[in-house]
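What follows is a set of notes on a single structure, which appears directly below.
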Amino acid sequence: MENNCVKKLLFGFCFFCLCVPLASASDSLLSPKGVNFEVAALMSVKRDMKDELLVMAGWDINSVDPCTWNMVGCSTEGFVISLAMVSTNLSGMLSPSIGNLSHLQTLLLQNNQLSGPIPAEIGWLSELQTLDLSGNQFSGDIPSSLGLLTHLSYLRLNRNKLSGHIPKLVADLTGLSFLDLSFNNLSGPTPKIQAKGYSVTGNSFLCNPSSPDSAQICTGVSKPINVQQDYEFDISQLKRFSYRELQIATGNFSSKSILGQGGYGVVYKGCLPNRTMIAVKRLRDPNFTGEVQFQTEVEMIGLALHRNLLRLYGFCMTPNERLLIYPFMPNGSVADRLRETGREKPSLDWNRRLCIALGAARGLLYLHEQCNPKIIHRDVKAANILLDESYEAVVGDFGLAKLLDRRESHVTTAVRGTVGHIAPEYLSTGQSSEKTDVFGFGILLLELVTGQKALDAGNGQVQKGMILDLVRTLHEEKRLEVLVDRDLKGCFDAIELEQCVELALQCTQSSPILRPKMSDVLKILEGLVGQSGHTEGSQGGTNLFEARAHDFSRTCSDVHQESSFIIEAMELSGPR
């Protein structure tokens, strides 16, 4: 609290209330006259903006709780921690009162028509982690006060009309994962930028004093010439490919190069000139998003880096095309490996299946709790869990549902996903959350157990959509072995099977409130894999029954063909 006041005194102003010990979250927001400071700050923001689409129509000065307002997110204590006003056709100015939202962590105002200066008061927001003002018409200098935001990890001011020098305090922010100052009117020498990834291209009068030629420009000795710089993104190495490059790599998008297709588009196998194998996703509905919004969302996806997430190499935009480029996964998807036939041994034995569940859980946990802003997958299933050369689980297609939706994620959106994998609340309302992904993960666990898709039992005794009723019945009757993929030839651990199914049933409860968080799911799986002595990332070459023949709980009896769980899914988005 003391540090906050010191920072605010740098600008000649500090609220008395911020320096007084707080009794409670609700009390701390009220002045002696009962005014909610956060409501007052948000109403000042509303007053200084022109809101033609009336997206702030529900904001009310008489309200004591702004947490129910459109585009406003709050903590469990009731503080405003996020303001997401993206692509809402807002114009006018950003009020300096924004600095009074002292608990704000995320401020997203990109792709509007806001003008005027960037308020220096943003530097008061000591808890701010993500700031995106890109794609507006902000002018004037970049406030040096932004350099006080030591928790900031993502800063985008690109595509505005900012001028002057890059402040040294901003360049010295060592915690930044990504800094984008491109396409402004910045000038003068470029300081050493400490961010892990950054771009300053499109600033005609920036110069690099480390270059002998540009040193003369910086000191004014020579004829002014334009100097442009573009730095590789150290954090994501995101590259913009030309359409011609991808045509060559895929044999002009030959049908022979198709790896799969679904609701998001067609995926092609490709080879770059340096012999790097890639997968090119040619998106459907390329005009759903404009160029700036598409690049913004793609770069956000590119910043999500984890060993269990499919890394985005780059993208391609033309007036009629939107393409995403990923590394090629030599072992395909979990769905591919579960449903292949004619092998003496399954490519995914019981050990590998448990480790795949563990890896997928880690990837989803990263998206939910470690990305800022968080990413909801919306279509978790075996077809979207890919396998690298070591059969490590890699979650793919994250971020694409939001990328292709016309409207923002805080409102009801078109349902994207696969029937049988979609949580009931998402299917009925179109509203998704982390718990939507937890439901999909529960179905994924059942796919790993059964080796099949999520809807229909092939013996005709179970109607589509009744899989969970069947699983609950078999669980109560203690006949879970009926579910197990017959390709395993009975080689599984009965205790582990029961624990997996119980976890799947927890994840697929009808009420999202009752479902566990992915962090809780991960703990259960880590305990399951750890206590059983499995080696993560095992190649699965050893028969588990042979490796643990002494384990009394392992069953290796033959399972009758007619009792095997055969199911099919009706795809909305399909395998990628």
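Every number in this text was worked out from the coordinates using simple rules, so none of it is lab data. Source: prediction; values computed, not measured. Cβ coordinates were reconstructed from backbone atoms using ideal geometry, including for glycine residues, and neighbour counts include every protein chain displayed.
Which pairs break 32 Å Cα to Cα here: Lys50/Lys281; Lys192/Lys223; Lys281/Lys517; Lys478/Lys523; Lys168/Lys517? Let's see the in-between values first.
Numbers: Lys50/Lys281 38 Å; Lys192/Lys223 24 Å; Lys281/Lys517 30 Å; Lys478/Lys523 25 Å; Lys168/Lys517 41 Å.
Pairs exceeding the cut-off: Lys50/Lys281; Lys168/Lys517.
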Quick check: from the Cα gyration tensor, does region 76-170 come out rounded (a/c under 1.5), prolate or oblate?
oblate
So Lys239 and Ile513, fully extended at 0.36 nm per residue minus their Cα-Cα distance, gain in nm 94.6 nm
Round to the nearest 0.05 the FRET efficiency obtained for Ser75 and Thr429 when R0 = 25 Å and r is the Cβ-Cβ distance.
0.55
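Report Rg(Cα)/(2.2 N^0.38 Å) for region 149-205, keeping two decimals. Walk me through the intermediate numbers first.
Details: Rg = 10.5 Å, N = 57, 2.2 N^0.38 = 10.2 Å.
It is 1.03.
Calculate the FRET efficiency for Thr174 and Ala40 from the Cβ-Cβ distance with a Förster distance of 41 Å, rounded to the nearest 0.05.
Details: r = 34 Å, r/R0 = 0.84.
Once the sixth-power term is evaluated, E becomes 0.75.
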By per-residue mean of other Cβ atoms within 10 Å, what is the highest-first order of 239-250, 472-483?
239-250, 472-483
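By counting other Cβ atoms within 10 Å of each Cβ, how are Lys489, Lys374, Lys381 ranked from fewest to most? Please list the in-between numbers first.
Details: Lys489 18, Lys374 15, Lys381 28.
Listed from fewest to most nearby Cβ atoms, that is Lys374, Lys489, Lys381.
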From the backbone phi of region 311-316, what are the Karplus-calculated ³J(HN,Hα) couplings (6.51 cos²θ - 1.76 cosθ + 1.60, θ = phi - 60°) in whole Hz, Gly and Pro given as x?
6, 8, 6, x, 8, 9
Taking the highest mean first, how do the peptides 391-398, 318-325, 491-498 order by number of other beta carbon atoms within 10 angstrom per residue?
391-398, 491-498, 318-325
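Using the eigenvalues of the Cα gyration tensor, what equivalent ellipsoid semi-axes result for region 239-327 when each is taken as the square root of five times the eigenvalue, whole Å, largest first? Don't jump to the answer; show the numbers that get you there.
Details: eigenvalues 71, 53, 33 Å².
Output for region 239-327: semi-axes of 19, 16, 13 Å.
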Packing-based ranking, highest mean first, of 84-96, 41-53 given that Cβ atoms within 10 Å are counted:
84-96, 41-53
